[in-house]
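Reading through the structure tokens given below for one structure.
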Amino acid sequence: MFRETEIESSCLNTLAAKKGTLINLLQGNLGLGLTTFAISWMMCFLQSCPPIITFVASIGKEVVKGLSASFQLLSPCQAVLLYQQFYILKSCLQYSKTLAEYIRNDYSEEFRYFIHMPALKKRPPLCYPITQPTTQLFHEVLNWLNRNNM
């Protein structure tokens, strides 16, 4: 579909055709206007795939490694990656009971000792636009982690 469109505006026009139906499908709401339904459905599907635990484990290990390593500032790419990793963890905690249980069981100590606010504050520079959203997302992950531990 994009072969004949060589410039960005043409691609966007193609995606927005038919009242944005295609773009809605690519944003994950399946054209129903219910993003939560789409994420819940996707998490239900993914938790039934055995490799998902390995994937979530690798995300957890990368977050631990990234925040417990030396306190060098993150590059812009590393800061965005950290945001993405927290987003994945939050989605797993929020929408998948199985994955949330796995994360709580296997990473609660890491979040207690290595992944905490002082470690996070020293990594991405405040001048990065992604720093504030990452901090907010970090708080949300902590809230979801502690939600069933009480």
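Here is how the numbers come out for the structure above:
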{"item": "Flag if Y128 is over 27 Å from M42 (Cβ atoms) and loosely packed, with under 14 Cβ neighbours inside 10 Å", "result": "no"}
{"item": "Selected residue (only one of F86, F71 is closer than 22 Å to T131 by Cβ, among the aromatic types (F, W, Y) and either modelled with pLDDT under 90 or not assigned by TED's automatic domain parsing to the domain that holds P118 (or both))", "result": "F71"}
{"item": "Scope segment 94-105; condition modelled with pLDDT of 90 or more and surrounded by fewer than 18 Cβ atoms within 10 Å (Cβ to Cβ); matching residues", "result": "E101, R104, N105"}
{"item": "Complete set of residues in segment 106-126 that are aromatic (F, W, Y) and either at pLDDT 85 or above or touching a Cys at 6+ places or on another chain (Cβ under 9 Å) (or both)", "result": "Y107"}
{"item": "Residues satisfying the stated conditions in segment 47-58, i.e. surrounded by fewer than 19 Cβ atoms within 10 Å (Cβ to Cβ) and assigned to a helix (DSSP H, G or I)", "result": "P51, I52, I53, T54, F55, A57, S58"}
{"item": "Segments classed as helices (runs of 4 or more DSSP H), wholly inside segment 87-150, with at least 3 members that are out of contact with any Gly (no Cβ under 6 Å at 6 or more places or on another chain) and touching a residue at least 24 places away in the same chain (Cβ under 8 Å)", "result": "97-113, 131-147"}
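The values are calculated or read from the model by the stated rules, or taken from the named source; none is laboratory data. This is a predicted model, so every value here is computed, not measured. With ideal geometry, Cβ positions are generated from the backbone for all residues, glycine too; neighbour counts draw on all protein chains shown.
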